[in-house]
Structure formats: structure tokens, C-alpha cells
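Undergrad: A single structure is presented below for examination.
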Amino acid sequence: MDGREIKDVGIAGSREDAGEPGGPGRAAARFARPALIAGSVVAVVCVALLVIIFFLDSFNATVYSVGGKNVADATDEARSIRDTYAAARTGGIIFLILGAAAAVAGGAVLYRTRATAGRSGDDDGDDVDFDDLAGN
């Protein structure tokens, strides 16, 4: 060897594994983008689910009221129509809140670490144009 020390950077090869500065904020930033994407997808799917449930509830109430009955009555039949999608509605709202919270947290971490996201240890700050790259 020529005297240079080779660091064991582990499987991931990340800066945290190599002991270089970056701190715990860099570790959180690694998971921020997937959390933002997953949270956004979950929130959009839950909103679509809740819209579908709203339309199904409206349809059921309309069909039930065609015979002159009211879905707000205290009868067992009206109560069962109101409670048909209660579990799906509750689950949709819970997952919507969790997905939105994950998306907001991921976005906040990405926003907080935006200045350090593109920097690496081997960047010396020199501007390189096309002539430098082409060798002219």
C-alpha cells in the first residue's frame, strides 16, 4: 500500500458509517423522502376512499328514502344503513391523519436539510464548464 488508510464504511457506505461529520440530521434526511412519498400516497388513497364512502352513503340514504322513510330515523334498519361504512370511514380518517403527518414530517426534514442535501466531502467548490470536461 502507499500509506493511505482505508476506512471500513460498512454495507451502506454512508457518511454516518464512515464516521464523517453529518450528524443525526443526515440519518433522518435519508428516510424523509420515502416518508414524504408514502405519506402522500396514503393520504391521497384515503381521501379517495372517503369520497367513495360518502357517495355510497348518499346512494344508500337516497334509495332508503325513496319509500318515504328517513335515514335519520331511530329504527334498526336506518341505524344499520348509517353504520354500514362506519369502520371504513373511521379507518380512512385515521390513516389519512397518519399519512398526512408522515408527509408533513418528511417535508419538514427535507426542508430543514435542503442546504446540506447536495453537498459531499469530495466537492472542492470549483466550477467546471463544458470546455473543462471536453478537455479543450
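Undergrad: In the stretch 85-99, how many residues are in contact with a helix residue (DSSP H, G or I) (Cβ under 8 Å, 6 or more places away or on another chain), part of a helix (DSSP H, G or I) and not basic (K, R)?
TA: 7
Undergrad: To continue, here is another question. So which residues in the stretch 70-84 are in a helix (DSSP H, G or I) and either among the basic types (K, R) or surrounded by fewer than 14 Cβ atoms within 10 Å (Cβ to Cβ) (or both)?
TA: D76, E77, R79, S80, R82
Undergrad: Can you confirm whether the stretch 44-52 contains a residue that is closer than 30 Å to R114 by Cα and in contact with a helix residue (DSSP H, G or I) (Cβ under 6 Å, 6 or more places away or on another chain)?
TA: Among the residues of the stretch 44-52, at least one is closer than 30 Å to R114 by Cα and in contact with a helix residue (DSSP H, G or I) (Cβ under 6 Å, 6 or more places away or on another chain), which makes the answer yes.
Okay, residues lined up against (1) in contact with a Leu (Cβ under 7 Å, 6 or more places away or on another chain); (2) modelled with pLDDT of 85 or more; (3) of a type in the set (V, I, T); (4) exposed (fewer than 11 other Cβ atoms within 10 Å of the Cβ):
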site: L36; (1), (2), (3), (4): yes, yes, no, no
site: L56; (1), (2), (3), (4): no, yes, no, no
site: A61; (1), (2), (3), (4): no, no, no, no
site: Y64; (1), (2), (3), (4): no, no, no, no
site: G68; (1), (2), (3), (4): no, no, no, yes
site: A101; (1), (2), (3), (4): no, yes, no, no
site: G118; (1), (2), (3), (4): no, no, no, yes
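The values are calculated or read from the model by the stated rules, or taken from the named source; none is laboratory data. Fair warning: this is a prediction, and the values are worked out from it, not measured in the lab. Every residue, glycine as well, gets a Cβ built from its backbone with ideal geometry; the counts of neighbours run over all protein chains shown.
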